[in-house]
Amino acid sequence: MRAVVAFREMGPSARQAVPALMERLRDKDATIRLHSAIALGNIGPDARAAVPALKPFLKEKHTVRVYTAIAIWKIEHNTPETLPVLEQGLQEENAKFRWAAAVFLGEMGPAAEHAIPLLEKATQSADKETASCAVQALGRLGPSAKQAVPDLTALLKDLAMGSPTIMGRGFGQESVSNAAANAIAQIDPEAAAKASVK
């Protein structure tokens, strides 16, 4: 597991580990399989040989599906195959790592434009991790998310904190209101000025 995590953190410089990580995709330990998939995604296009071995993971439980979808997208930018998986993941309201789908849609940037209505809906979630991450994702989509500005403006008073964690590490901790202010500034600077958002 330590080796897999090390390769995961190395990103593209771990390209020589692709064959070893592909082997770990068959490991009996589900956590090792998951983090091997993440590591392959972080390597990017140099891990293209792993895509056929990753695709069966798109049919697994929520967390594995979502993390595999972004891994495949990072490798080959296959939006038609990966975007629906992330959209479905965002709609699974009881999933433990639902917020991760929002984060990954934000990472896709304009390629995730189709998901804007789902992200807008997720900003209203009672799960503040998901709400905050959905707001941040809309900001990363930039001007293409302009339709979301009224909903984001309404969130400027929501001081609840979203503090998702992976393996005990905080990830993207931010109040919904701060995330909304930042998103509006990224999407529509003129609307941000009118709302007195810095």
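The values are calculated or read from the model by the stated rules, or taken from the named source; none is laboratory data. All figures in this text were calculated on a predicted structure; none of them were measured in a lab. Cβ placement follows ideal geometry from the backbone for every residue including glycine, while neighbour counts extend to all protein chains displayed.
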Does GLU87 satisfy the criteria of being closer than 23 Å to LEU40 by Cβ, charged (D, E, K, R) and modelled with pLDDT of 90 or more? yes
Every residue in the stretch 127-153 that is small (Gly, Ala, Ser), out of contact with any Asp or Glu (no Cβ under 7 Å at 6 or more places or on another chain) and at pLDDT 90 or above, please. ALA134, ALA137, GLY139, GLY142, ALA145
Considering only residues that are of a type in the set (D, E, K, R) and within 14 Å of ALA95 (Cβ to Cβ), which ones fall in the stretch 44-70? GLU60, LYS61, ARG65
Subset of the stretch 21-45 [of a type in the set (S, T, N, Q) and either surrounded by fewer than 23 Cβ atoms within 10 Å (Cβ to Cβ) or in contact with a strand residue (DSSP E or B) (Cβ under 7 Å, 6 or more places away or on another chain) (or both)]: THR31, ASN42
Just wondering, is there one or more residues in the stretch 57-64 that are assigned to a helix (DSSP H, G or I), over 18 Å from the mean Cα position of the chain (by Cα) and among the hydroxyl-bearing types (Ser, Thr, Tyr)? no
Give the residue that is nearest to TYR67 (Cα to Cα), with candidates limited to residues of the stretch 25-53 that are charged (D, E, K, R) and modelled with pLDDT under 95. ARG33
Given the criterion closer than 19 Å to VAL85 by Cα and either charged (D, E, K, R) or in the same structural domain as MET1 (by TED's automatic domain parsing) (or both), identify the matching residue among ALA17, ALA30, ALA50. ALA50
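Conditions tested, residue by residue: (1) of a type in the set (S, T, N, Q); (2) surrounded by fewer than 18 Cβ atoms within 10 Å (Cβ to Cβ).
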residue: THR79; (1), (2): yes, yes
residue: THR82; (1), (2): yes, no
residue: GLN88; (1), (2): yes, yes
residue: PHE104; (1), (2): no, no
residue: GLU120; (1), (2): no, no
